[in-house]
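Novice: What follows is a structure written as C-alpha cells; I'll ask about it next.
The values are calculated or read from the model by the stated rules, or taken from the named source; none is laboratory data. Keep in mind that what you see is a predicted model, and the values were worked out from it rather than measured. No Cβ is skipped: glycine too gets one built from the backbone with ideal geometry, and neighbour counts run over all protein chains shown.
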Amino acid sequence: MGELLDGLAQQLGVESALITSTGVTVAGGAELDETELDRITAAALIADRFPLRLVGDLTVLPVGRGLTDRIDAWFLVIRHDESGPECVEAFSELAAVVALDRIRRDERRRVAWEITDRTPTVRAADSRVAVVAEVEGRISPDVLRGLVEDVLDGAVTSIDAANRVVAPAIGSDVDVARLLSRRLGRLAPALRGDRMFVGVGGQSSDDDPAGAVRAAASACAAAQNDPGPVSVRRAELDSALDLLSTLPDELRRAYADRLLGDVVEHDRRTDAGLLATLEAFLDCDGSWRRTADRLHVHLNTVRYRIGRVEALTGRSLARTGDRFDLYLALRSLEPALA
C-alpha cells in the first residue's frame, strides 16, 4: 500500500500520507509534524464534507466510511502547492483501494486477537509498563482495542474480565502516558458524549509482572473522576488503593477472603445483596438515606443488611478504621485489582 501511495504522489508531484484518526502514519512520505496532525485530525473528525481543504496546502480525503464512524477512521492527506480536480479524483480512487486493503487488515487483526485471547494474560518480556483502557458510551471494546494497538505500535492487546483493553508497552510510564494522551486526545471532537479512560502502570518488582497491570487498572479507575472526554493517568503511589494494587494477588485475595469471605458466601447462598449494599454504603459516605435511594430499597432494608455485614465480619461500620478495612477488602475483590 505504501508503494502505491508513494507512486501516485510522485506521479502527480505531490506529497501524501495515510493516517489514522489518532494521527498515526500508516504509509506515505509526507512529513507531518504533531501540530499539523492535531489540526488535520481535529478538522477531519467533524468535517461536514470531503474533500477537506486546510491551510497549508493540505487536502484530506476519507478512506472507506466517509462521514460515519470516524472514531477509528483513516484519512488520506495530500500536500500540494496547486492541484486540479484530477489529483483529488486520483487519490479518491486510491482511497477506495486502501479501504479494501484495510478490510483485509482488520480481518487479520481479528484472527490475531482470537489467538491472543486464548492466553489469559498479555505478556511482553522486555516491557515493564502496562496500559489499561476502557470506554463509557457506544464505542465497542474491539474499536478501543484497535485504537490502542495503533497508538502503541506493535502492542499485543487483550480484553480482560471487565471488558477493558490491556496492553504491555515499551518505554517509561511517563513517555507512554504522554504518547497516549496526545494521540487518543485527538479523538475528543468525535466522541460526542462518550468518554475514554486510560491508566498506565509500571511493574513494581521483577517477580510480579502482573503488578503493572494492576497499577494501570487502578489508574484507569481513577481517570473516571477526571473531566473531559479523554483522560490518561499514570499510576502513582499516593493512595492506599495504589499501594494495594502493587501487592501480589495471593496477599490481596487472602485479605479480602479473611474480611469478606463469609459475606460473599452468604450472598452466594441467599442472594441477599450484602456486598452491593456495603459498597453503596461506603460510596455514600455512610449515609443511610443516600444508600437507600441509590439501591431503591427501604431505609430499614439498608440497616438490616449493614447489620448482617457487621455480624458476619465482626467489624463496626460506625468506626472509621473498620470502614477503611472493609473498603480495601471490597476493592481487592474487584476486577481492577483481581
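Novice: State whether one or more residues within the stretch 27-47 are in a strand (DSSP E or B) and either surrounded by 13 or more Cβ atoms within 10 Å (Cβ to Cβ) or of a type outside the set (Phe, Trp, Tyr) (or both). Break it down stepwise before answering.
Specialist: Filtering the stretch 27-47 down to residues in a strand (DSSP E or B) leaves 27-28.
Narrowing the set further to residues that are either surrounded by 13 or more Cβ atoms within 10 Å (Cβ to Cβ) or of a type outside the set (Phe, Trp, Tyr) (or both) leaves 27-28.
Yes, the stretch 27-47 contains at least one residue that is in a strand (DSSP E or B) and either surrounded by 13 or more Cβ atoms within 10 Å (Cβ to Cβ) or of a type outside the set (Phe, Trp, Tyr) (or both).
Novice: Give the residue, chosen from Leu274, Leu295, that is of a type in the set (A, V, I, L, M, F, W, C) and closer than 19 Å to Leu333 by Cα. Spell out the reasoning first.
Specialist: Values: Leu295 fails: closer than 19 Å to Leu333 by Cα.
Sole residue among the options that is of a type in the set (A, V, I, L, M, F, W, C) and closer than 19 Å to Leu333 by Cα: Leu274.
Novice: Between a first residue in the stretch 302-330 that is at pLDDT 95 or above and a second residue that is assigned to a loop (DSSP other than H, G, I, E, B) and of a type in the set (A, V, I, L, M, F, W, C), which pairs have beta carbons less than 8 Å apart while being 6 or more apart in sequence or on different chains?
Specialist: Pairs that qualify, where the first residue is at pLDDT 95 or above and the partner is assigned to a loop (DSSP other than H, G, I, E, B) and of a type in the set (A, V, I, L, M, F, W, C), are Arg305/Ala272; Ile306/Leu317; Arg308/Ala272; Val309/Leu317; Glu310/Leu317.
Novice: Test of understanding: among Asp48, Asp69, Asp81, which residue is farther than 30 Å from Arg195 by Cβ and of a type in the set (Asp, Glu)? Reasoning before the result, please.
Specialist: Working: Asp48 fails: farther than 30 Å from Arg195 by Cβ; Asp69 fails: farther than 30 Å from Arg195 by Cβ.
On inspection, the qualifying residue turns out to be Asp81.
Novice: Applying the selection to the stretch 225-252, what residues are among the polar types (S, T, N, Q), surrounded by fewer than 17 Cβ atoms within 10 Å (Cβ to Cβ) and at pLDDT 60 or above? Before you say what the answer is, go through the steps one by one.
Specialist: Step one: list which residues in the stretch 225-252 are among the polar types (S, T, N, Q), which gives 225, 231, 239, 245-246.
Of the ones still in play, those that are also surrounded by fewer than 17 Cβ atoms within 10 Å (Cβ to Cβ) are 225, 239.
Hit for the stretch 225-252 is Asn225, nothing else.
Novice: Let me ask another. Tell me which of these Thr59 doesn't satisfy, since it passes every other one: (1) polar (S, T, N, Q); (2) touching a helix residue (DSSP H, G or I) at 6+ places or on another chain (Cβ under 7 Å); (3) touching a residue at least 40 places away in the same chain (Cβ under 8 Å).
Specialist: Just one mismatch for Thr59, condition (3).
Novice: Might you check whether a residue that is in contact (Cβ under 8 Å) with a residue 60 or more places away in the chain and of a type in the set (Gly, Ala, Ser) occurs anywhere in the stretch 172-186? Give the steps one after another, and end with the answer.
Specialist: Pass one, the stretch 172-186, residues in contact (Cβ under 8 Å) with a residue 60 or more places away in the chain: 173-174, 182-184, 186.
Still in the running and of a type in the set (Gly, Ala, Ser): none.
No: zero hits.
Novice: Another question about this same structure. Would you kindly identify the strands (runs of 3 or more DSSP E) lying entirely within the stretch 73-188 that contain at least 3 residues that are outside the structural domain of Thr59 (by TED's automatic domain parsing)?
Specialist: The qualifying strands (runs of 3 or more DSSP E) are 129-136, 165-169.
Novice: Evaluate the following for Ser218: is it within 26 Å of Val309 (Cβ to Cβ), modelled with pLDDT under 75, surrounded by 21 or more Cβ atoms within 10 Å (Cβ to Cβ) and among the polar types (S, T, N, Q)? Write out each step before concluding.
Specialist: Numbers: within 26 Å of Val309 (Cβ to Cβ): yes; modelled with pLDDT under 75: no; surrounded by 21 or more Cβ atoms within 10 Å (Cβ to Cβ): yes; among the polar types (S, T, N, Q): yes.
Judged against the criteria, Ser218 is not a match.
So that you can scan it fast, the table gives a plain yes or no per residue for (1) assigned to a strand (DSSP E or B); (2) within 28 Å of the chain's Cα centre (by Cα); (3) buried (at least 18 other Cβ atoms within 10 Å of the Cβ):
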| site | (1), (2), (3) |
| --- | --- |
| Gly23 | no, yes, yes |
| Gly56 | no, no, no |
| Leu61 | yes, yes, yes |
| Thr68 | no, yes, no |
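Novice: Return the residue satisfying two criteria in turn: it lies in the stretch 277-300 and is over 31 Å from the mean Cα position of the chain (by Cα) and hydrophobic (A, V, I, L, M, F, W, C), and of such residues it is nearest to Ser316 (Cα to Cα).
Specialist: The selected residue is Trp288.
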